[in-house]
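So the structure is just underneath, and the comments pick up after that.
The values are calculated or read from the model by the stated rules, or taken from the named source; none is laboratory data. Keep in mind the model is a prediction, meaning the values are calculated, not measured. All Cβ positions, even for glycine, are placed from backbone atoms using ideal geometry, and neighbour counts span all protein chains on display. Remember, those area values only see protein heavy atoms, side chains included, never the ligands or the DNA or RNA. Shrake-Rupley method; radii C 1.70, N 1.55, O 1.52, S 1.80 Å.
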Amino acid sequence: MRAPISWIREFVPDLPADVTGRQVAERIVAAGLEVETVESAAAGLSGPLVTGRVLSIEELREKEKLKKDIRYCRVDVGPELNDGEGAGSRGIVCGARNFAVGDMVVVALPGAVLPGGFEIAARKTYGHISDGMISSERELGIPDGDHAGIIVLPADTAVGLDARGVLGIDDEVLDIAVTPDRGYALSIRGVAREVATAFDVAFTDPAGTDAPAGQGGYPIRIDDPSGCDRFVARTVTGIDPTAPSPGWMTKRLQAAGMRSISLAVDITNYVMLELGQPLHAYDLATLRGPVGVRRARPGEKLETLDAAVRDLDAEDLLIVDDSGPIGLAGVMGGASTEISAATTDVLIEAAHFDPIAIARAARRHKLPSEASRRFERGVDPALPPIAAGRVAALLAELGGGTVVAAGTDVAMLPAPTTITLEVAYPGRLAGREIAADTVTRRLAQIGAGTALDGTTLTVTAPSWRPDLTDPADIAEEVIRLEGYDSVPAVLPAAPAGRGLTHSQARRRSVSRALAGAGYVEVLSYPFVSEKDFDALGLDAEDARRIALRLANPISEAEPLLRTTLLPGLLTALRRNVGRGNTDLALFEVGRVYRPSRDAPPAPRPPVTRRASVEELAATEAALPRQPRRIAVALCGNRETAGWWGPGRPADWTDALTAARTAARAAGIELVVSGDVHAPWHPGRCAALHVAGADGPVLVGHAGELHPRVVSALGLPARTCAAELDLDRLIGHGRQVQAEPALSGFPPATQDVALIVDAGVPAAEVEAALRAGAGDLLEAIRLFDVFTGEQVGAGKKSLAYALRFRAPDRTLTVEEATAARDAAVAAAAAATGAVLRGA
């Protein structure tokens, strides 16, 4: 909203004359409005700029045999400023031809500096001294003006005046960014009220007088009261279609960012800017029957004022007559009833429309307008008769028309909003004492009615403030007018902390363990598409394809919430590879969203009350499971090449090792077995389990990605990945105990090689050895796997190094051998293992 200071002063007459636009901006910013800039049309213009009358014009083209039209003019700029060859005037050379002898013009005298740093000085040209410059709007830097020629002022303009005031370019303009809850500030009336309050001076309300429209005027019919609860119509006849808009009006429209069109349209725009009530003028001769308000019907179309034919939606609110739609209510009028150069009789519309209906229509048709901008933020429902009367009076005054006495006012307005609160509530909320009389005074300044009964305050919200509905809204108004800087800055007392929870500490341990192992953490958006599931090779029945679809996604290309971390992680991997980082080890921790197929729909409780316990429980039940997961991805070299030797490419064992690292940081050892699970390679995929009370619990997978997945995602060959359910890991983890002090006694190491069936997991053999070895076992490590003729078909040899140690003595050979034999016996019983070479 662009608000000229001079216009604001009309309604704040006691605003000190020396107050600048920047000072006004500072005050209303402190009160909660947002002023983006303070502009001046005279910026960059300095020095003498005056009005002058053209006394004579001498044509120089023929006389001096010039190739273009040049004129030598004598201009009277006032007795104190006249100088030069002739008494009572200045000689000025000018090439413009849109003025004549006797016209009033604007003259930049020597010493003036025009926008762009153009300095005016007396100089000889075309055989004459040009002692100044007759100026155009372009040369003075006036935006959106008539740039066809120099400025010709009204004939009754006095000579020698400061032209800045005559042109209105000495005015400052506030450019205010109006938030959705302050629609009243989209008017000079609303801004002036804020300025008056900020400077604590009187405010003269331009809509303060009652102006009933009456009845018996043009017939109006409202078929949709939910979309339009008030419609006022006034008629003006006998308007002179050639009457121009007065200069003061066009200047104000221009300062407010609007262009002059015609007298009738300019007046409706002017009153809209002044009061905040959008209006529309119809050519009365083009109307057919009563004017009505209703929703669009199937197949209806409307040609709007921008000459576009629009297909109407069933939710569109329309202005209609017997011929059909004649306007998109609150957005734009129709071309069939447009004011033309021949219009003499006008019907003025001032209505109050539903903000949501107007906002949706403007967005649906991609047709934002000054009217829709105001309606969607909420317009004062008391304004229509006042605004319509103001337009009618201006049309009669400036256009020579006659206002038809009878008007029409169809209104179905709700009762005013009342809010009850304790008078001490604003002060309690602000943390400082605010007296009761201060509260009522501040509320009176915003136009609210108040009634104090003891400590209970009843507030009647003004009609132009639909945002005031709750006690907190009233408290905010009082606090902002008192000044946000008056609210004390008190640091709340922080309760004693209990530190991290068990799960928080474990999650940090897991992330730190992976970071310590050389992995870099990334964060990706949780949005995916069906194409991501296709690229991962998930079949139609895979539970990961059951994804929650967002009602309003950021991008229609990714409308689903992720059910696995891999799409985002692998996208980050591919992006880095594309930028030259080929040796990568990434990890991500985040939630996935796993809705069930039979989840009940979530209830939608009203916003007018707190949801009940049952509604909250139903909402919780409708939410998808949101487990926290951790995933890793690797490609390129895991160990780089150098003078120390060749590098080593990452393979499936590195992904498995990363999963083990994460699990150990959570206080658990994984049980590993082979599996077939998308998107991993069926021959290089490990299922990861933890021991549970009812048996092994699957927590994730690790291995090399399937070649088809690698190709579909554009990843490097042999890319590996792992994904684990972090919540399950932490839930089954044990408290990590500090290692006892290193024993001073030497270890005893025993190696065993066991032959088992090829399908027996090494983890099962290791678990059996660990269980049979007893308390003396300190560590066990698989260091060799062998297959071949020596161990037989369908068999494999697993070689383990067992390290034994006692805390209080040196083990004898017999004790170490006995422990080793017990471990082998347990493995034989559990897995059918046979000691190799036995």
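Data for the structure
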{"quantity": "Potential extension, ALA641-SER486 segment - 0.36 nm per residue separation minus Cα distance", "calculated": "49.2 nm"}
{"quantity": "Residues LEU523 and ASP175, FRET efficiency given R0 of 41 Å [Cβ-Cβ distance, rounded to 0.05]", "calculated": "0.60"}
{"quantity": "Hits among lysines - C-alpha to C-alpha of LYS366 under 30 Å, sequence gap 8 or more where chains match", "calculated": "LYS251, LYS301"}
{"quantity": "Accessible heavy-atom area order of MET249, MET332, highest first, probe of 1.4 Å", "calculated": "MET332, MET249"}
{"quantity": "For HIS689, solvent-accessible area (1.4 Å; no DNA, RNA or ligand), Å²", "calculated": "40"}
{"quantity": "Per-residue HN-Hα couplings for the stretch 487-500 [Karplus 6.51, -1.76, 1.60; θ = phi - 60°; Hz; x = Gly/Pro]", "calculated": "6, x, 8, 10, 6, x, 6, 7, x, 4, x, 10, x, 6"}
{"quantity": "Order of exposure, largest accessible area first, which applies to LYS124, LYS301 with probe 1.4 Å", "calculated": "LYS124, LYS301"}
{"quantity": "Per residue value of the accessible surface for the stretch 309-352 (all protein chains in place, 1.4 Å probe), Å²", "calculated": "33"}
{"quantity": "Axial C-alpha extent at least 15 Å, average Kyte-Doolittle at least -0.5 - helices from the chain (DSSP)", "calculated": "188-199, 263-275, 384-399, 471-482, 566-578, 652-665, 762-773, 813-831"}
{"quantity": "Distance between the stretch 410-443 and the stretch 175-203 - C-alpha centres, whole angstrom", "calculated": "19"}
{"quantity": "For THR749, residues with placed amide H under 5 Å, excluding near neighbours", "calculated": "PHE804"}
{"quantity": "Gyration tensor verdict on the stretch 217-316 (Cα atoms; rounded if a/c is under 1.5, prolate if a/b is larger than b/c, oblate otherwise)", "calculated": "prolate"}
{"quantity": "Positive-end residue, the stretch 335-440 charge dipole about Cα centroid, Cβ charges, pick of ILE386, ALA396, HIS352", "calculated": "HIS352"}
{"quantity": "THR402/ASP598 FRET efficiency (R0 60 Å; Cβ-Cβ; nearest 0.05)", "calculated": "0.25"}
{"quantity": "Accessible area of LEU500 in the full protein assembly, 1.4 Å probe (Å², nearest 10)", "calculated": "90"}
{"quantity": "Protection-proxy order for peptides 386-399, 619-632, 773-786, 362-375, each taking the mean of Cβ atoms within 10 Å per residue, highest first", "calculated": "386-399, 362-375, 619-632, 773-786"}
{"quantity": "Length released on extending from THR582 to GLU58, taking residue separation times 0.36 nm less the Cα-Cα span", "calculated": "180.5 nm"}
{"quantity": "Karplus-derived HN-Hα couplings along the stretch 331-345 (A = 6.51, B = -1.76, C = 1.60, θ = phi - 60°), whole Hz, x at Gly and Pro", "calculated": "10, 7, x, x, 6, 5, 10, 5, 5, 10, 5, 9, 5, 10, 10"}
{"quantity": "Heavy-atom accessible surface of the chain: percent carbon and sulfur, 1.4 Å", "calculated": "53"}
{"quantity": "Residues whose placed amide H lies under 5 Å from that of LEU317, excluding near-sequence neighbours", "calculated": "ALA329"}
{"quantity": "³J(HN,Hα), Karplus 6.51/-1.76/1.60, whole Hz, each residue of the stretch 73-83, x for Gly, Pro", "calculated": "10, 9, 10, 8, 10, x, x, 7, 10, 5, 6"}
{"quantity": "Euclidean distance of C-alpha centroids, the stretch 293-346 and the stretch 526-577, integer Å", "calculated": "45"}
{"quantity": "Binned Cα-Cα distances of the stretch 129-265, short to long, each 5 Å bin given as a whole percent", "calculated": "2, 6, 10, 13, 15, 15, 14, 11, 7, 4, 2, 1, 0, 0, 0"}
{"quantity": "Length released on extending from ALA451 to ALA622, taking residue separation times 0.36 nm less the Cα-Cα span", "calculated": "57.0 nm"}
{"quantity": "Charge dipole of the chain about the Cα centre (unit charges at C-beta), most positive-ward option of ILE142, LEU284, VAL760", "calculated": "VAL760"}
{"quantity": "The chain: calculated mean residue ellipticity at 222 nm from DSSP helix runs of at least 4, using -39500 (n - 2.57)", "calculated": "-8000 deg cm²/dmol"}
{"quantity": "Distance between the stretch 35-57 and the stretch 243-279 - C-alpha centres, whole angstrom", "calculated": "22"}
{"quantity": "Dipole magnitude (debye, nearest 20) for the stretch 38-116, charges at Cβ of Lys, Arg, Asp, Glu", "calculated": "340"}
{"quantity": "Residue among LEU153, GLY327, VAL528 farthest towards the positive dipole end of the chain, charges placed on Cβ", "calculated": "VAL528"}
{"quantity": "Cβ-based net charge around ARG781, under 15 Å, with every Lys or Arg adding one and every Asp or Glu removing one", "calculated": "+1"}
{"quantity": "Exposure of TRP652 as accessible area (Å², to 10), given a probe of 1.4 Å and all protein chains", "calculated": "100"}
{"quantity": "Structure-derived Cα extents along the principal axes in Å: which label, when the choices are (i) 132, 75, 61; (ii) 90, 56, 46; (iii) 82, 64, 51", "calculated": "(i)"}
{"quantity": "Partner lysines for LYS124 [C-alpha distance under 27 Å; skip if fewer than 8 residues away on the same chain]", "calculated": "LYS63, LYS65, LYS67, LYS68"}
{"quantity": "Assigned charges on the beta-carbon of Lys, Arg, Asp, Glu; the chain dipole about Cα centre (debye)", "calculated": "2620"}
{"quantity": "Estimated FRET transfer efficiency when R0 is 25 angstrom, pair THR469-ARG432 (beta carbons, to 0.05)", "calculated": "0.55"}
{"quantity": "Neighbour net charge for GLY647 - beta-carbon separation under 15 angstrom, K R +1, D E -1", "calculated": "-1"}
{"quantity": "Where THR418, THR125 fall by accessible area, highest first, once all protein chains stay in place (1.4 Å)", "calculated": "THR418, THR125"}
